Amino acid sequence: MLRATLLVIAFCLALPAQMATAQDSPLQTLLQSQAGEVAKPGRRSVGVVIDALVAETPEGTALFLERWQNKGVFLNENDGLFYYAQKSGDGYELFDIATDAPVGTATKDELTEIRPNGGVRRVIGGALVQFQLSDPDKERRTAALDAILRSPDASQIDPLRASTEGEPDNALRALKERLANLLTARFGASTDDRITAINALSGTMDVDSRAALNQILTKSAAVAPELPQDANIARVLTVGEDISQQDAYAQLVDAGIAPERQTADTIKARLSDNIVDGRVGGIPVGQLSSEENREKAYAALAQAGTVPPLVTDETIQTAINEHAFFETYAESDAAITTAAETALSEVESRVARNQIFDVSLDAISLASIYFLAAIGLAITFGVMGVINMAHGEFIMMGAYTGYVVQQIIPDYTLSLVVALPLAFAVTFAAGVAMERLVIRWLYHRPLETLLATFGISIALQQLAKNIFGTQARPLTSPGWLDGAWVINDVVQIANIRIAIFVLALIFLGLILFVLNKTRLGLEVRAVTQNPGMAASMGINPDRINMLTFGLGSGIAGIAGVAIGLYAKVTSEMGADYIVQSFMTVVVGGVGNVWGTLAGATLIGGLQKGIEWFNPSNTLAAQTYMILFIILFIQFRPRGVVALKGRAAGD
Amino acid sequence: MKMTKTLKLAGVAASALIAGASGAFAQDASCPIKVGVLHSLSGTMAISETTLKDTMEMLVEQQNAKGGVLGCELEAVVVDPASDWPLFAEKARELLTVHDVDVIFGNWTSVSRKSVLPVIEELNGLLFYPVQYEGEESSKNVFYTGAAPNQQAIPATDYFLEELGVEKFALLGTDYVYPRTTNNILESYLKSKGIAEEDIFVNYTPFGHSDWATIVADVVALGADGKQVGVISTINGDANIGFYKELAAAGVSADDIPVVAFSVGEEELSGLDTSNLVGHLAAWNYFQSAEGEANAEFIKTWKARMGDERVTNDPMEAHYIGFNMWVNAVTDAGTTDVDAVRTAMYGQEFPNLTGGTATMLPNHHLSKPVLIGEIREDGQFDIISQTAEVPGDAWTDFLPESAVLKSDWKDLGCGMYNTETSTCVQIKSNY
Amino acid sequence: MKRKSFVAENPSILWFLAALALFTIFVTAMSEAAGIGVVSTSFIKTLGKTLCLCLIAVAMDIVWGYCGILSLGHFAFFGLGGYAIGMWLMYARTEIIVTESLSAAAIPPTPEEIHDAVATQIFGVVGTNEFPLIWAFADSLFMQLAFVILVPGLLALVFGWLAFRSRVTGVYLSILTQAMTLALSLYLFQNDSGLRGNNGLSGLQNIPYLGDVPQSMISIAFFWASAVALGLGYVLCAYVVSGKMGSVIRGIRDNESRVRFLGYHVESYKLFVFTLTAVIAAIAGALYYPQAGIINPAEIAPIASIYLAVWVAIGGRGRLYGAVIGAAFVSLLSSWFTGGGAPSIPLGFYTIQWTDWWLVLLGLSFVAVTLLAPQGIGGLFDLIGKKSKSEGAK
């Protein structure tokens, strides 16, 4: 530490010309008076600085607030002044905070970056609103509106209204109008204004409008001997129906009206406090190992007045009967709360309808992921009857191919364009190699393919670990796949999921085309149904099997790239999908691409459906889904889309 | 013919027997001093734990370069419990009885620690556990160098309440003991801070969960009553990748809904593109971005050894402190005997990599500063809050059953001391 | 037709039992408990656990090697057995600790207090302090022992009845059994499952009421118990697959329809075999987990059951000793390689660390065994047998 300080001093001495010139602008002076708070601001305490700044508004305030918010302000330890700084070479170039003019340089060690936390940034944002609402820069105006959304305030109504007139951007003007309406609903001056604003909100669905309505309808529970006449009562609670007896009594206790009920622990503590000669209330300590005797002992103590009397069920019941339990609105005007209740119920029923739609979209997305993961398997397992436990590892190989390509080609879009066919090629080759080396010897022993491919699966998994390490690897989607398609305020879906859905559709089409419309497909179906006959018709079953297997594996590779993009790339990612994929194929019906589609839809939909009913436990959803599949297979052992006749044989 | 069959069978058994037993002969040498490393090198936890094995090997090498301990070379004995919890117990027994190690550095998950506990206590071993955990445990034979809930979860929650003004909490976690217990503690802590029960949303997902769309939508919808929403994430391991990707896709910025994570560090962030996550938070006792000479030196050695793209993280620092404290305690005690070293450990001080000094408390926890960092574009953290040293608390003050408990192995000789009744509830830890 | 006693029919049983007895006595004599200590306690535990694995492998061999049902779910039964006994072990151990600590208080505890304190101790880690319903009999060793057999037996019976009734066969059945074990493990992974979620039941090696007995003795006791169980299980299985019943079972494996056309009720035979082996697996599990010390849902993940199939395949299907050899050989070799026991091989440009490469080797050896030696290691004995005696082993 000492050495560092010495170095700094030496540096300063050596380069006096480089030293920042002292600033004595009003802004700097004001900040210096609160230097500690500026350097280490806290959400609750920063208000002092901001109020002072806003009140005086010295030159450069707006820019300072903005830079401060974005971690652009630095404290120079040499002179204790605040600067803006920009990295140049090894050091930093300094700028005056009032004029933004260059004033010298400093080393990294001399400067401390000031990092206001998220809460402080929000406060600064609020202060910035007045400077930014009519700023020529659109981004600043948007930031101002965001700030209002994050911390709505009565004082913002007028400036917002005033800036709406001159707003050149249509979208922003609409936003400003919406915001003004939101603010009026909550903070409007007259009841009529507010009710009009509230009624306008009933047609919306966004979180902010719901927030405004809910804020207007803030309720609090209360208890009183009788219902008060002057309060704006939301509802009266019936004990036993709307509120449990226990909660009602707890409310009485909280209000200081009734004594707290003794718990088993407090009774025990009182008893052990009052042991006299090995007896409590005349009962020997040794006999206190039953609830009954403890109550007797406590009753004896209460009789003697050493402890407060026991609160029994009857005393509780009487206390509750003597009081009314109700909820009151914080808003005293009943007309407003009624309007808000009506608006909110309208909004909520619309939200609920849209949520169902949103969950359906999620279900379709999940189904398309399952479908993509399983479709390769549908070919190898479904059409050829080969159980390929290494299918998951082909998915993983595809994902790693994507990762490697991204390391070589830094452009995300281009790398994706290269990665998709390359992943297909790599896994196609791996599939063909596996078919040639292992699987073709086992066509007559289906159960043993399971074992052999399982061996390959763990070998490949470990191999991936040895090559790529155990950490998850990044596979980043190109910018145009970021973000989501926002249909309305409730329904939206990530672009990457849409892309996966489209990819799944393309593969569905492609596979249907290959199997039904091409020579290869004809031959595949021929070999699947009767290899001997197919061979005598001049088809080479070896070649067909090899190609089919390669095709199935190749698709798994492409699925790997897609899955890697939306989730993660690890050596174990394949294992996450293998059982799911098998079940998709089996539930859908083996030997049929449509079956796989049906299976994926069923499983994806079901999982989302269960999740929706029980949102806090995703694990349960998976368990119930598997149970359902087990039962389903009992009743439709051949799956949703069952093949009939010869082709259905094992 | 049948004879050969049986003979073969016996042969297999015998050769296996010899293979397993051969280790048992090499014993009783006081030099070299053996340091057991019990981290999974394969299986699901290898992702996190391999780094710690490498850290231990680096620390042992460094110490040997300095001349070892007590004039002896140190030797790292590495075993692989393969993320298999029963295997942890087996390997711990093997380390202690077959390899005769003097100390074990290991474990990551709580369940693996619970698996090892009975063995360590039975054989009176010494374990240094480097990962933040849920507390509610105190073993005579374990030093917890990671954070207890009051050294990570509680300060982070305070930060949410105080600095970010969060009024509604989503506690998202992977379904296992650390998130469950931490969330229980947090729930009762939040209630004590006046947050209503309906303003706390809890969700658990399986390990490696990847389908986050619905959950993220649920969290966003929490804002519908106009309260500031914050997410406290105890999501473990690579499930985080999907979670953050979905957050980014849904356009949730840290300014709208801040997320503070207790299990996401530099290592986890290296697996994803962080440009969309800027501003989200993590709470740890260490960040690689901490400024200081010791940290710069540590990072330099680590990168020189493992490669430039590798990062350092909190459990690594925990091992760094734990290992150095152990070395000092052994030097002070003049022996590697477990009880002597244990006694010498109390009050050991060692400088943190983030500045300040870590002290070993009689409850086998460290006092360490708590840091809160914001994610930067480069996958590192901006430290925006750093507390003074916080003493680790084995039993939380925010659960009624635990509030009365206290751990003090130095004076009370008890890890589960009931301060109300002034009795030792039990000497062995609960597992 | 009068037939010979089945033991006389299968003299290999006697050889197996003799070898097992010799092995057990030899290990015991060399153990720490006997004062010699050549074989460490941790290795005794490994051997004891290996014997349990051999037992479930024998069960697997019956259901797969003899009856042709490739079940990928038998580890679920194994785990359920472990859970059933683990509940009692945990309850009884905790109850002793709790009673002791509560008796120090000024006022003697009520039975409810003890019960609640036990619950808090056991379920504290998962954030509750109440006993779930399934723990109703956890205080009774007898009931829990009964559950070891009843719960997995019943599950196998119901599952098997549903599956066989609707004629689910072949790979479908394999995947269905796999789904069953996946569902069970996912269910148990939930904290609210009542079995401590991902934590599972731990500290099972500390047997209640035997707190003063050193682990070296306990491990020997369990080692013996496992050996006896394996011996009995082996004889039972050998009995089942001998005689007419054995022929029917093998017939089902080779051609199910033909056996059905011959008038046998195939489903009943399959159901019997499936349930019996599930019970054997459960008993093996109940002996295994007190030696392992902890049971948690990861134990019954689908991968475990696949490994089981692999052991049997490597050991050699359709011969009981093959299953035993496979389970013992692969599991011991696995623990040797992953334990860092195997020396690294420096190749100059690269050093092969076995902890990194063992799984690759294991995986490839499955492939090799399936392709080149479908009879497994057991097949070697057949070869030797055929060479030394012209009439052959079969």
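Data table
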quantity: Per principal axis, descending, Cα span of the range A:365-575 in whole Å; calculated: 59, 39, 29
quantity: Among A:Thr57, A:Val120, A:Pro102 - extreme Cα towards positive end, dipole of the range A:20-120, charges at beta-carbon; calculated: A:Val120
quantity: Peptide C:195-208, shielding by other chains (average Cβ, 10 Å cutoff); calculated: 6
quantity: Kirkwood Rh, Cα atoms: Rg over Rh of chain A; calculated: 1.11
quantity: Restraint check, B:Lys91/B:Lys140; A:Lys268/B:Lys168; A:Lys268/B:Lys114, Cα-Cα greater than 27 Å; calculated: A:Lys268/B:Lys168; A:Lys268/B:Lys114
quantity: Cβ-placed point charges (K, R +1; D, E -1), dipole of the range B:165-322 about Cα centre in debye, nearest 20; calculated: 220
quantity: Value of [θ]222 nm, deg cm²/dmol, for chain B, DSSP H segments ≥ 4, -39500 (n - 2.57) each, nearest 500; calculated: -11500 deg cm²/dmol
quantity: Nonlocal Lys pairs with alpha-carbon distance under 22 Å, chain C (8 or more apart, or different chains); calculated: 7
quantity: Pairs of Cα atoms farther than 22 Å apart, the range A:275-401, %; calculated: 73
quantity: Rg/Rh for the range A:20-120, where both radii come from Cα atoms and Rh is the Kirkwood radius; calculated: 0.94
quantity: Equivalent ellipsoid dimensions for the range B:153-261 as semi-axes, Å, which come from the Cα gyration tensor, largest first; calculated: 20, 17, 12
quantity: Rg/Rh for the range B:237-359, where both radii come from Cα atoms and Rh is the Kirkwood radius; calculated: 1.10
quantity: Cβ charges +1 (Lys, Arg) and -1 (Asp, Glu), total dipole of the range A:220-329, debye; calculated: 500
quantity: Sorted by Cβ density within 10 Å, fewest first, the residues C:Tyr187, A:Tyr577; calculated: C:Tyr187, A:Tyr577
quantity: Label point at B:Ser30 placed 7 Å out along Cα→Cβ; residues across the range B:319-351 whose backbone nitrogen lies under 12 Å; calculated: B:334-337
quantity: At q = 0.29 Å⁻¹, base-10 log of I(q)/I(0) for the range C:129-183 (Debye sum, equal scatterers on each alpha carbon); calculated: -1.11
quantity: The range B:348-401: proportion of alpha-carbon pairs further apart than 14 angstrom, %; calculated: 62
quantity: Projected-area average for the range C:1-124 over all orientations - Cα convex hull basis, square nanometres; calculated: 14.2
quantity: Long-range Cα-Cα pairs in the range C:148-209 (distance over 18 Å), rounded percent; calculated: 55
quantity: D (Stokes-Einstein, µm²/s), Kirkwood Cα radius, chain B, 1.567 mPa s at 4 °C; calculated: 57
quantity: Principal-axis tilt of helix C:141-165 within chain C, Cα atoms, nearest 10 degrees; calculated: 40
quantity: Spatially proximal aspartates and glutamates relative to B:Lys428 (Cα-Cα < 12 Å; intrachain offsets below 8 disregarded); calculated: B:Glu121, B:Glu122, B:Glu137
quantity: Antiparallel DSSP beta bridges within the range A:220-329, percent to nearest 5; calculated: 90
quantity: Size of the range A:133-218 as Cα extents on the principal axes (Å, biggest first); calculated: 37, 24, 21
quantity: Projected area, mean over directions - the range B:306-403, Cα convex hull, nm²; calculated: 8.8
quantity: Whole-angstrom Cα spans of chain C along principal axes, big to small; calculated: 81, 59, 48
quantity: Tilt relative to chain B, helix B:177-192 - C-alpha long axis, 0 to 90 degrees, to 10; calculated: 40
quantity: Charged-residue dipole, Cβ positions (Lys, Arg, Asp, Glu), the range B:52-148 about Cα centre, Debye nearest 20; calculated: 180
quantity: Alpha-carbon gyration tensor eigenvalues x 5, square-rooted, for the range A:328-481, Å; calculated: 49, 22, 14
quantity: Value of relative contact order over chain C, rounded to a whole percent, pairs C-alpha under 8 Å and six or more apart; calculated: 30
quantity: Fewest-first ranking of A:Glu77, B:Glu374, using other Cβ atoms within 10 Å as the exposure measure; calculated: A:Glu77, B:Glu374
quantity: Most fluctuating residue given options B:Gly43, B:Gly106, B:Gly373, as computed from a GNM of chain B linking Cα atoms under 10 Å; calculated: B:Gly43
quantity: Per residue convex hull volume, Cα atoms of the range B:64-185, in Å³; calculated: 144
quantity: DSSP beta bridges in the protein assembly as shown [antiparallel fraction, %, rounded to 5]; calculated: 60
quantity: Positive-end residue, the range A:365-575 charge dipole about Cα centroid, Cβ charges, pick of A:Ile456, A:Ala472, A:Val524; calculated: A:Val524
quantity: Residue exposure sequence - C:Ser71, C:Ser12, C:Ser334, B:Ser233 - by fewest surrounding Cβ within 10 Å; calculated: C:Ser334, C:Ser12, B:Ser233, C:Ser71
quantity: Gyration tensor over alpha-carbon atoms, the range C:1-74, equivalent ellipsoid semi-axes in Å; calculated: 31, 20, 6
quantity: Scattering curve values for the range C:192-350, log₁₀ I(q)/I(0), Debye with Cα scatterers, q = 0.11 Å⁻¹; calculated: -0.65
quantity: Of A:Ile267, A:Pro228, A:Ala297, farthest towards positive along the dipole that unit charges on Lys, Arg, Asp, Glu beta carbons give the range A:220-329; calculated: A:Ala297
quantity: Convex hull volume per residue in cubic angstrom - Cα atoms of the protein assembly as shown; calculated: 220
quantity: Binned Cα-Cα distances of the range C:111-155, short to long, each 5 Å bin given as a whole percent; calculated: 5, 21, 23, 21, 15, 13, 4
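FYI, it's all coordinate maths here, none of it is from the lab. Please read all numbers here as calculations on a predicted model, not as lab measurements. Ideal geometry is used to build each Cβ from the backbone, glycine not excepted, and the neighbour counts take in all protein chains shown.
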